[in-house]
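The values are calculated or read from the model by the stated rules, or taken from the named source; none is laboratory data. For clarity, every value in this text was computed on a predicted model and none was experimentally measured. A quick note on method: Cβ atoms are made from the backbone with ideal geometry, for glycine too, and the neighbour counts reach across all protein chains shown.
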Amino acid sequence: MGRIRWLAAWLWLLGAFAHGTDAARIIHADREPGQWLTHGRTYDEQRFSPLRAIDRSNVGGLGLAWHFATGDTRGMEATPIVADGVMYVSTAWSRVVALDAASGRLIWRYDPQVPGAKARDACCDVVNRGVALWGDSIFLGALDGRLIALDAKTGAERWSVQTTDPAKPYTITGAPRVVKGKVIIGNGGAEFGVRGYFSAYDAATGALAWRFYTVPASAEGPVEHEELRLAQRTWSPDSLWQTGLGGTVWDSFAYDPELDLLYVGVGNGSQYNRAQRSPGGGDNLFLASILAVRPDTGRLVWHYQTTPGESWDYTATQHMILAELDLLGQRRKVLMQAPKNGFFYVLDRETGELLSANNYVPVNWASHVDLETGRPVETGRADWSGTPRMVMPAIVGGHNWHPMAFSPETGLVYIPTIHQVYPFVPDPDFRYDPATFNTGENWPALAASAPAFAPGFCSPTRLTAWDPVAQRQVWQVKFSRGVSAGVLATAGGLVLQGTTDGRLVAYDDRSGAVLWESPTGVGIMAPPITYTVDDTQFIAVVGGIGGSQGGHGDRLDNVNSGHVLVFALGARGAPPDVPAIQRSVHVPEEALDAAAVERGGRLYAVHCLRCHGLNAASSGLYPDLRTSAPGIHEIWNEIVLGGALAGNGMASFADVLVERDVRDIHAWVIDRAIRSMQWSHKALDAAANLVCIPAEWLAD
């Protein structure tokens, strides 16, 4: 059967060559190293470029060739696509621009007009990680759940399908992939309570080809496909079926055309606390799993669960890389992933067999992964079902969505790692509420324990070079900033990565030594790419901070102005002139009732904290409520209940709050503002960096 599948795949490939379709170009991307045709450049998602005109010896001559202002001020996570001299970039709010890749000239712009109120359903900002190119169409997954096909030449809409139930808090932030004429797309929303799935749509018509649900609907069904019978047996009958259980596929895919296998990363449960989510226990398939499916049918070939019964938001949606490695004297076709749980996995990508696993960041929830059973050996130190626990890695993971890269020349994987602990505080009175987060955490208790000056949980980040054969760190670069950034590796011996404080940096891929850096005027978390036009090699990256970390971590110094930044040897352009953020506190002259302030703080933690941050101290991505202008204080009710700023993403909360609630939240914000006036901004920033997490939380 394996030989028949292999032959069928190659017959299909020959047909693709005959018709000149994009499949052949993507599969043989190294024949056109100057293009960047799919999300990871190639179907194997290595994010390695064979281009070497820019290398260790001359990278110091890089300068800014051009930049393009996107007009967005929210998070920017996209990987640009470059084909035949045109760059396609998605921006915040699911907008798309097509640019001349040599000059930055705007060719067309598309805005899907996502309603601003939809931002309330986005756990982690209104970001978008990129578009897909197939034939002469561009495919976009919009925040409101639409999959949209655009004419690549004009930006005109060709078709649009609603992939999610608009009445439920689903979102799309991930980049589609196109495999064998089918557009593959997943969704997000597990924190609010939805049922995860991913789907394949016909690229020409938008017709649904198949759908794979990652978790069962209930103990009784319906059973939409046979794989769910296996999953049902791993959930207790009294599970919280009403939450949808989660398991959303919100980011990573990879594809092997020889094996004809599509690899899919599955996310966390809804809610997080497994003792409440599935009281009778069980592995809770297919949460936190890697799935290998047939792209023609969506049928499962194998699965591997990185975190059975996951309880810490330890998704397996992180970037997957396909490669060939020499292991124990044998050449193996492998899949590599560094998911949020802190272990680096090497799997046989044909069978799903675990070949090796080791922790790439400090971990306390498990001691190791048993290579015989393939299961982590839990320590019990992270069991927060009945008592608060400090857990490593933190809720943001040891590695999040920021793509890593693999160099076949060094054999190393370059991982944007996060080194953080997190206090899980259980809510014994949890009740499912589709209007807010359903993580099972006691948010008011968590917020009450935070220091009054902290803008958020710090999360020192690093760039880690990892040997996947020896399963060990080779070198590491440490940062004081808290937001990661994606990575690019090149045949020129370079590893490129942006920084939160507004730089693009080139490192030596063997030592980690800094070879070059340039100011960008805006912070970066998106991954760079490289391409050529008329024999000139360019390096491009999208700037703009946001996402799950960017809203609550580092305080932004400048306005978060989104830009596409493109560099070339000998260029001498100046970085964008981005104005500084002006912060000043305007406190209404009114007496504060202590009971109202206390009650407002509890309500704020439940409904507002996830965007505006601990103590109303956002980084600057979202409004820092302590620095609200007098006019904002005057129309507070109109904003929170009336939706006066819904177009900006601040939806009405009239479905969950009443006027007294809003008055009390306002009183609490004013109290936070008064407290903040006791600190200079410089002292506040210094304190936040030193005391990101109270010392008492670190006690075991």
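A few comments on the model shown:
- Residue in the range 106-113 that is in a helix (DSSP H, G or I) and surrounded by fewer than 22 Cβ atoms within 10 Å (Cβ to Cβ) present: no
- Qualifying positions in the range 81-105 - in a loop (DSSP other than H, G, I, E, B) and either at pLDDT below 95 or of a type in the set (Val, Ile, Thr) (or both): Thr91
- Among the residues of the range 142-168, the one identified as surrounded by fewer than 21 Cβ atoms within 10 Å (Cβ to Cβ), part of a loop (DSSP other than H, G, I, E, B), among the hydrophobic types (A, V, I, L, M, F, W, C) and within 26 Å of the chain's Cα centre (by Cα) is Ala167.
- If you go through the range 65-86 and keep only what is closer than 20 Å to Asp136 by Cα, buried (at least 18 other Cβ atoms within 10 Å of the Cβ) and more than 22 Å from the chain's Cα centre (by Cα), you end up with Ala83, Val86.
- Taken over the range 421-445, the criterion of being buried (at least 20 other Cβ atoms within 10 Å of the Cβ), hydroxyl-bearing (Ser, Thr, Tyr) and closer than 14 Å to His607 by Cβ is satisfied by Thr439 alone.
- Ala568 among the aliphatic types (A, V, I, L, M), outside any loop (DSSP other than H, G, I, E, B), more than 25 Å from Arg74 (Cβ to Cβ) and at pLDDT 90 or above: yes
- Boolean, Ala175 is part of a loop (DSSP other than H, G, I, E, B), touching a residue at least 24 places away in the same chain (Cβ under 8 Å) and buried (at least 24 other Cβ atoms within 10 Å of the Cβ): yes
- Within the span defined as the range 607-625, one or more residues are outside any helix (DSSP H, G or I), free of Cβ contacts under 8 Å to residues at least 60 places away in the same chain and under 22 Å from Ala580 (Cβ atoms).
- Gly193 in contact (Cβ under 8 Å) with a residue 60 or more places away in the chain, in contact with a Pro (Cβ under 8 Å, 6 or more places away or on another chain) and in a loop (DSSP other than H, G, I, E, B): yes
- Among the residues making up the range 492-523, those that are of a type in the set (A, V, I, L, M, F, W, C), free of Cβ contacts under 8 Å to residues at least 60 places away in the same chain and under 22 Å from Gln476 (Cβ atoms) are Leu496, Val505, Ala513, Val514.
- Against the numbered list (1) of a type in the set (Asp, Glu); (2) at pLDDT below 95; (3) surrounded by fewer than 24 Cβ atoms within 10 Å (Cβ to Cβ), Asp508 comes up short only at (2).
- Test result for Phe212, at pLDDT below 95 and within 20 Å of Ser270 (Cα to Cα): no
- The single condition from (1) closer than 18 Å to Cys123 by Cβ; (2) among the small types (Gly, Ala, Ser); (3) at pLDDT below 95 that Gly221 fails is (1).
- Residue list for the range 526-560, restricted to those being in contact with a Gly (Cβ under 7 Å, 6 or more places away or on another chain), among the small types (Gly, Ala, Ser) and at pLDDT 85 or above: Ala526, Gly543, Gly544
- Test: residue in the range 255-266 that is of a type in the set (Phe, Trp, Tyr), assigned to a strand (DSSP E or B) and touching a residue at least 12 places away in the same chain (Cβ under 8 Å): yes
- Beta carbons closer than 9 Å, at least 6 apart along the sequence or on distinct chains, pair a first residue in the range 79-102 that is within 13 Å of Gln113 (Cα to Cα) with a second that is outside any strand (DSSP E or B) and of a type in the set (Ser, Thr, Tyr) for Thr91/Thr70; Ala92/Thr70; Ala92/Thr73; Ser94/Thr173; Arg95/Thr70.
- Any hit, the range 536-547, residues being assigned to a loop (DSSP other than H, G, I, E, B), among the polar types (S, T, N, Q) and touching a residue at least 40 places away in the same chain (Cβ under 8 Å): no
- The range 474-499, subset of a type in the set (S, T, N, Q) and buried (at least 24 other Cβ atoms within 10 Å of the Cβ), residue nearest to the chain's Cα centre (by Cα): Ser484
- In the range 395-429, residue farthest from the chain's Cα centre (by Cα) [restricted to those that are outside any loop (DSSP other than H, G, I, E, B) and over 29 Å from Ile172 (Cβ atoms)]: Pro426
- Within the range 423-443, the set of residues being among the hydroxyl-bearing types (Ser, Thr, Tyr) and in contact with a Lys or Arg (Cβ under 9 Å, 6 or more places away or on another chain) comprises Thr436 only.
- Long-range neighbours under 6 Å by Cβ, at least six apart or interchain, first residue basic (Lys, Arg) within the range 318-344, second surrounded by 22 or more Cβ atoms within 10 Å (Cβ to Cβ): Lys333/Arg349; Lys340/Tyr314; Lys340/Thr315; Lys340/Gly397
- Of all positions in the range 134-141, none carries a residue that is part of a loop (DSSP other than H, G, I, E, B) and within 17 Å of Ala651 (Cβ to Cβ).
- Within the set Leu347, Leu325, the sole residue that is surrounded by fewer than 24 Cβ atoms within 10 Å (Cβ to Cβ) and not charged (D, E, K, R) turns out to be Leu325.
- The lone exception for Ala629 - which of (1) within 25 Å of Asp72 (Cα to Cα); (2) of a type in the set (A, V, I, L, M); (3) surrounded by 18 or more Cβ atoms within 10 Å (Cβ to Cβ) it fails: (3)
- Residue match in the range 211-224 (condition: among the basic types (Lys, Arg), in contact with a Phe, Trp or Tyr (Cβ under 7 Å, 6 or more places away or on another chain) and either surrounded by fewer than 18 Cβ atoms within 10 Å (Cβ to Cβ) or not in a strand (DSSP E or B) (or both)): yes
- For the range 294-329, the set of residues classified as at pLDDT 95 or above, farther than 15 Å from Ala357 by Cα and small (Gly, Ala, Ser) consists of Gly298, Gly309, Ser311, Ala323, listed by residue number.
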